[in-house]
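Q: One structure coming up, written as structure tokens, with questions to follow.
The values are calculated or read from the model by the stated rules, or taken from the named source; none is laboratory data. Keep in mind the model is a prediction, meaning the values are calculated, not measured. Positions of Cβ are backbone-derived with ideal geometry, glycine not excepted, and every protein chain shown enters the neighbour counts. We work out accessible area using only protein heavy atoms, side chains counted, and drop any ligands, DNA or RNA first. Shrake-Rupley method; radii C 1.70, N 1.55, O 1.52, S 1.80 Å.
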Amino acid sequence: MDKTSSPNPPTPPAIEGLGADVYREMLSTIHDLQRDIEQKRNLIDLLLKRLYGPRADKINPLQRMLFDGQPPAEQQVVPEPQEPEITPSKRSGKGHGRKAIPDDLRREVVSIDVTAAEKATIGGVWTRIGEEISERLDYTPSQLFVRRIIRPKYVVRFQNMPDQMRVADLPPEAMPKSKAAPGLVADIIVSKLVDHLPLYRQEKRHARQGVKLSRSTLCGWLRDAATALEPLYIQLKQRVLAANFVHTDDTPVPVQDDAREHCRTGRLWAYVSGGGTVYDATPDRCRVGPISFLQEYQGYLQCDAYPGYNGLFARGNVVEVGCWAHARRKFVDATKTSAGIAHEAVARIKGLYAVEHEARDIDVSQRALLRQEKSVPLLEAMKSWLEKQRDDVLPKSPMGEAITYTVNQWSALNVYTQDGNLAIDNNRAERAVKPFAIGRKNWLFFGSDRGGRTLAILASFTATCEQFGINPWTYLRDTLTHLPEITLDRADTLLPTK
């Protein structure tokens, strides 16, 4: 709410039976109550939007209160950073745009010929000159099967020695005590973490094929797979944190606790770099979690304004990089209380994204130069504008909090202009935690802190596979098959790569 009245109004005219001090105190109280009501209304609006409204941070496109004049031309055509507008393009060539069926899919050939009776009815000499081929995508439901391993037993007889029994050794296995083969374990992992299918639904799916696999059994297989993959997980963590810039974000996950009647709130942290994606589960949002995970990291860390990271930045070898998507979201949330300022702030941020849109297809060094040439002046102008607007809004209003957040984060929000490898926002990390935000609506909670650790390990591999365009089922099946044959010093050869 903008400052339309002073909290200390001038002394009013004398009122019968009411002193000037008392009257002034009443007006101040009314002013405080009005401000409190505005804040509560804004919170209610935000909650309703979160429950029932659209997820994208959009504002009314009809609003034209942008700067003092018209924004530069390039700012008028750039899409919103979260939900880009897609303009339909003209189709080139003929056809209906249907995509071809991939050549690597298995083909089952069905031959349909003219019947002998029809040939006899028509008569003449029939000479085959070619064929018409039509293809339809078909589907066979996934099926469980038994992999039977037969090892012949031999008795070896010697003339002057006792007989000996010989049988071939079983190949080493990642989960030697499990009845599940790597293909089934990989399917359970992918179904839960990629397709968000909770174990009780997988239990029903297998029961339709006549195989009863309890949830506790499936859960035990997930735990055994995570134990087998943990050395590889440590290698993946080292590769992710070896990069010079890392994105991080966290999301809450309910955790069952025997000591409580209801679930407590645990945290799942995502760390993303060019080396892959790795997750870490912690019992709470205490700063010990990220500080412990990143204790050996050196470089740029792009994150939100969570104070728990401050201990890392205080060391001097980790540089904070702010997120303009977070800043923009706060201005969008303040639209109802300060529409004019909010729309102008969003337009100015849109100008920064216009530069990123222009720099998308150029190399790193040119991108850094372009940011210095175009983004830095926009940022300097925005800083002056924010300082001016800060004096005209209430500090505790939604707009006041948005401006305060942006100004307090200003140094971190400008770091991305120094290096062309850095991003303007932290959307990579937000996309990495999104699967868990979707998944917890299906599987609801972690059964324990150990269960959170299990899913963090397994999800690190499924997310990295998706990041690199690898089929996660194929990767997990092959890795669980060959992992026992690889020595620890060569374990990194099994990590998913581009």
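Q: Mind grabbing the base-10 log of I(q)/I(0) for the stretch 400-450 at q = 0.29 Å⁻¹? Debye formula, identical points on the C-alpha positions, no solvent, two decimal places.
A: -1.09
Q: Quick one: Karplus J couplings for the stretch 200-217, per residue in order, coefficients 6.51, -1.76, 1.60, θ = phi - 60°, nearest Hz, x for Gly and Pro?
A: Coupling constants for the stretch 200-217: 5, 6, 5, 4, 5, 4, 6, 5, 5, 9, x, 10, 8, 10, 6, 4, 5, 5 Hz.
Q: Please give the length that would be gained between Lys396 and Val288 if that part of the chain were fully extended, namely 0.36 nm times their separation in residues minus their C-alpha to C-alpha distance (nm, one decimal).
A: Result for the pair: 35.9 nm of gain on full extension.
Q: Same structure, new question: What would the Debye formula give as log10 I(q)/I(0) at q = 0.11, 0.19, 0.24 Å⁻¹ for the alpha-carbon point model of the stretch 335-438, no solvent?
A: One equal scatterer on each Cα of the stretch 335-438 leads to -0.41, -1.02, -1.24.
Q: Provide the gained length on full extension for the span Thr29 to Gln235, in nm with one decimal, where the gain is 0.36 nm per separating residue minus the Cα-Cα distance.
A: Answer, rounded to one decimal: 68.1 nm.
Q: Please give me the summed charge of the neighbours of Lys119: other residues whose Cβ is under 13 Å from its Cβ, Lys and Arg +1, Asp and Glu -1.
A: Summing Lys and Arg as +1 and Asp and Glu as -1 gives -1.
Q: State the percent of C-alpha pairs, over all pairs in the stretch 264-341, separated by a distance greater than 17 angstrom.
A: 56 percent
Q: Turning to a different aspect of this structure: Roughly how many percent of the accessible protein surface of the stretch 208-357 is carbon and sulfur, given a 1.4 Å probe and a whole-percent answer?
A: Result for the stretch 208-357: 48 percent of the exposed heavy-atom area is carbon or sulfur.
Q: Give the separation of the Cα centroids, the stretch 265-280 to the stretch 101-126, in Å.
A: Result: 55 Å between the Cα centres.
Q: Using Cα pairs under 8 angstrom and six or more residues apart, how large is the relative contact order of the chain, in percent?
A: RCO, the chain: 22 percent.
Q: Starting from 0.36 nm per residue, how many nanometres of slack lie between Ile362 and Ala120 once their C-alpha separation is accounted for?
A: The span from Ile362 to Ala120 would gain 80.2 nm if fully extended.
Q: Jot down the radius of gyration and Dmax of the stretch 238-388, Cα atoms only, both in angstrom.
A: When restricted to Cα atoms, the stretch 238-388 yields Rg and Dmax of 18.8, 58 Å.
Q: Okay, next question. Treating cross-link reach as a plain straight distance, find the aspartates and glutamates whose alpha-carbon is under 14 Å from the alpha-carbon of Lys388, omitting any fewer than eight places away in the same chain.
A: Asp2, Asp68, Glu344, Glu380
Q: Of the beta bridges DSSP finds with both residues in the chain, what % are antiparallel, to the nearest 5?
A: Approximately 75 percent, going by the DSSP bridge assignments.
Q: Summarise the long-distance tail of P(r) for the stretch 295-379 by giving the % of C-alpha pairs beyond 18 Å.
A: That fraction is 59 percent.
Q: Please give, to one decimal in nm, the separation of the simple spin-label points placed at Asp492 and Ala207, each 7 Å out from Cα toward the Cβ.
A: Those two pseudo-labels are separated by 4.7 nm.
Q: Can I ask one more? Using modelled backbone amide H atoms (1.01 Å from N, in-plane), which distant-in-sequence or interchain residues come within less than 5 Å of Phe446's amide H?
A: Val255, Gln256
Q: Still on this structure, I have one more. Could you tell me, in Å, what Rg and Dmax come out for the Cα atoms of the stretch 404-498?
A: 18.2, 56
Q: Moving on to the next point. Looking at this model, which pairs from Lys192/Lys498; Lys177/Lys212; Lys396/Lys441 are more than 22 angstrom apart at the alpha-carbon?
A: Too far apart for the 22 Å limit: Lys192/Lys498; Lys396/Lys441.
Q: Now for a different question. Whole number please: convex hull volume per residue, Cα atoms of the chain, in Å³.
A: 336 Å³
Q: Tally Lys and Arg at +1 and Asp and Glu at -1 over the other residues with C-beta under 14 Å from the C-beta of Ile291: what net charge comes out?
A: -1
Q: Using the alpha-carbon centroid of each, what span in Å lies between the stretch 294-344 and the stretch 396-458?
A: Answer, in whole Å: 9.
Q: In Å², what does the accessible area per residue of the stretch 383-451 work out to with a 1.4 Å probe?
A: 46 Å²
Q: Determine the sum of side-chain charges near Glu108: Lys and Arg each +1, Asp and Glu each -1, restricted to other residues whose C-beta is under 14 angstrom from that of Glu108.
A: +1
Q: Compute the accessible area per residue over the stretch 282-382, keeping the other protein chains in place, probe 1.4 Å, unit Å².
A: 43 Å²
Q: Using alpha carbons only, what's the Rg to Rh ratio of the stretch 125-196 with Rh from Kirkwood?
A: 1.34
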